[in-house]
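J.: Quick one: the structure is below, questions incoming.
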Amino acid sequence: MNLFPKNPGQNAPGQNKPSILRPKFLLMIVFTIVIAGMMLNFFQQGRPKSIEDGESATDESFLDGTLLDVFDVKNPHGGEFAIDEDPDDPLTSGKGEVKARKLEPFVEKPEVLAGAAGRDRKGGVETFGRIQEEGVVYLAHKLRSEQAAGKAPGEPVLNTAKDPGVVKKLLEDPDRYRGKLIELRANIVREEKGRSPLQVAALPSGANPLDVNRLYRSYAYDQNEQFHLVYTIEDQSEDLEHMADVVLRGYFCRLYTGEVDLGRKELDKGTIPLLVATSYKKMSSASATPAERMDVLLIAIVLILGVLCISAIVIIVVNRKSDSDYEERRRASREKASSAKAGAAEEEAPAEDDDGGDDEADAAAGDAIAKAEAAENEDD
């Protein structure tokens, strides 16, 4: 499609002047509206939102696993936890479920979090698939007690959707945020190919204050491309697949350091936050929140204005060039016409000079004859 067709008046000299800018600007406006509609539709379809209780989770997110071959994240932390089974652990040895205990009352114990601080930048959360970390059990007990009492979690002190430096802050000052709520906007990532992204981790059999006997270990890859080690209480293994788009709100326990496979022959050490949460909230592309819609609108307005300005500049430049070419052709046409007239005048000039000479000769001869006749009359 040619947005700037040549005007017929530009093909030959002496014809009409190129068309004015109005048709081109109208075409530009229509083109911009079409582009804006396409962008709005794209953003609204791609913006996810959390699924409320009771809503269906049939709509798939752009990163819900439908394009895993293209959009995928390899987990370099996935080889840290052994798959070996503990022969004394009924959860991993195929002996079935252990009868859960009653939920014990939760009691605040700051010394547990202090103990977690002493384990910053260390591994050893589990042994043979059984959790040995007192801080993880303590925070899971707190979450389960709040859930049983119908108490809603508070507001997070850090949020990856609002602050891209969440992990940096946790690494620099873990004590400030220990035991505080952190919110992640992330994708849940499997430990290695072929395994479920949520792996069972048994709670201690002798010191378990919860009414469940297991937690679920997973990794979250947030929107700022940072990994988090996460333990959740609810079983979501049937609902969440690799790269599912999720939101997580959990308590920060400590900094976990483990082996990281970066594709080299030797393993490196990497440190990531360890969080404890009740569950993930899966995201859906059905619609966006008001704040997200406002973000989309602002982005669309900026893009539309940008397209409009660029189109206007292009049209003005092209139109000025058309006017310049038109005036140049008119000037050349006038000069050619003037040259043709001058040549014709030069060809007519000699003939006019010859006619004038003959008239003068005839006049001189007539004068001579008249004088001769006058002289003869005087003699007579």
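None of the figures in this text is laboratory data; all of them are computed from the coordinates on show. Quick caveat, the model's predicted, so the values are computed rather than measured. With ideal geometry, Cβ positions are generated from the backbone for all residues, glycine too; neighbour counts draw on all protein chains shown.
J.: When the chain is fully extended, how far beyond the present Cα-Cα distance does V317 get from A114, taking 0.36 nm per residue of separation?
T.: Taking V317 through A114 to full extension adds about 66.2 nm, to one decimal.
J.: Related question: Run through segment 144-211 and list the trypsin sites (Lys or Arg not before Pro) located in a DSSP loop whose Cβ has at most 16 other Cβ atoms within 10 Å.
T.: Answer by residue number: K151, K162, K180, K193, R195.
J.: Could you work out the local net charge near E335, counting Lys and Arg as +1, Asp and Glu as -1, over the other residues with Cβ closer than 14 Å to its Cβ?
T.: Charge balance near E335 sits at +4.
J.: Please give, to one decimal in nm, the separation of the simple spin-label points placed at K102 and R330, each 7 Å out from Cα toward the Cβ.
T.: Distance between label points: 10.0 nm.
J.: Fully extended, how many nm does the chain gain between K74 and L303 (0.36 nm per residue separation, minus their Cα-Cα distance)?
T.: Extending this stretch completely gives an extra 79.1 nm.
J.: Set the bar at 18 Å for Cα to Cα. Now go through K109/K180; K74/K193; K109/K281; K142/K180 and name every pair that lies beyond it.
T.: K109/K281
J.: Do any chymotrypsin sites (Phe, Trp or Tyr not before Pro) in segment 110-198 lie in a loop, going by DSSP, with at most 15 other beta-carbon atoms within 10 Å of their beta carbon, and if so which?
T.: Filter output for segment 110-198: empty list.
J.: Take peptides 111-119, 253-261, 308-316 and line them up by average Cβ neighbours within 10 Å, highest first, as a rough protection proxy.
T.: Taking the mean over residues of other Cβ atoms within 10 Å, the ranking is 253-261, 111-119, 308-316.
J.: Name the shape class, rounded, prolate or oblate, that the alpha-carbon gyration tensor gives for segment 171-250, where a ≥ b ≥ c are the square roots of its eigenvalues, rounded holds for a/c under 1.5, and otherwise prolate holds if a/b is larger than b/c and oblate otherwise.
T.: oblate
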